[in-house]
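Report on the structure given below.
Bear in mind these aren't lab numbers, they're just calculated from the coordinates by the rules spelled out. This is a predicted model, so every value here is computed, not measured. A quick note on method: Cβ atoms are made from the backbone with ideal geometry, for glycine too, and the neighbour counts reach across all protein chains shown.
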Amino acid sequence: MNDRADAPARNDWPTVAAVGLLAMCVVTFDHEALGHGSACLLLHGHIRLLTSSLFRCDVKSGWIDPAGPAANLLMGALALALSRLVPRGRTTLRLFLILVTAFSFLWETGYVMHAMHRREGDLYFFARFLLGDVTLAERWAAGVLGFALYLSAAWLVSDRLSALWPDARVARAVARTAWFGATLGAAVAALAYKVHDWGNLRDAVLEIGAASCPLLFIPLRSAKRAEQRAPLLVARSPAVIGLAVVVYLLFVASLGRGLPV
């Protein structure tokens, strides 16, 4: 994932879309398989269903519900920390880490609002497990907190994108291209589910596409920094595109189609 200083004058959009697709696969696998799946196995359960948006374990425990969100928050924080350590010239790798942070944080903070509004989903079930009956006031409090965290996550992602591309138009074009690659990939993978379940497709698109919709609009304005440096570029990388294709095909064949097969 190296980018040279003499890269082409434009970002390579197929490579940007491939990076978005890779980030989606990592974040979704992290939530469903590493998060929920690991919690199920640690509780000596067996995974009965694992898709890109559905999970079922034969053990009933309130600790399985928050494991997916917790895994994403940890992954997002790790990716954010690593993005600050990666050398400036490795633009493609930095973009990948920023997108992992974006999809992870925006998914989970947006999910707080959705879960409390609909009274369903991992975080609502976990709140009910801890508190028993979740009152209207508690739901409102959690929803307001989720909204504040969602805006903070959007601002954070905007700031990191602006660090690579001070021109907001360029940064926004990169974000939109990555969003499109990730959202289309999530939808197509969900359509591969062996059971015709529109709820699976809906949830997959909501978790990646709808939750990360701030990527369509941020950053809102060009960065004004004391030390302006030339913006970096995502160079064409057949290796990155090839890796994304291989990882995505495996993703579709496993979580997309649904496990166990």
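Computed packing ranks the peptides 101-111, 159-169, 183-193 as 101-111, 183-193, 159-169, most packed first, by mean other Cβ atoms within 10 Å.
Between helix 67-85 and the chain, what is the angle of the helix's C-alpha long axis to the longest principal axis, kept within 0 to 90° and rounded to the nearest 10? It is inclined by approximately 20 degrees.
Report summary: the helix-based calculation at 222 nm, which adds -39500 (n - 2.57) for every DSSP H run with n ≥ 4 and divides by the residues of the chain, gives -20000 deg cm²/dmol. Each residue, His44 and Leu74, gets one label point 7 Å from its Cα in the Cβ direction; the gap between the two is 2.2 nm. Among the cysteines of the chain, Cys25, Cys213 have no other cysteine beta carbon within less than 4.7 Å of their own.
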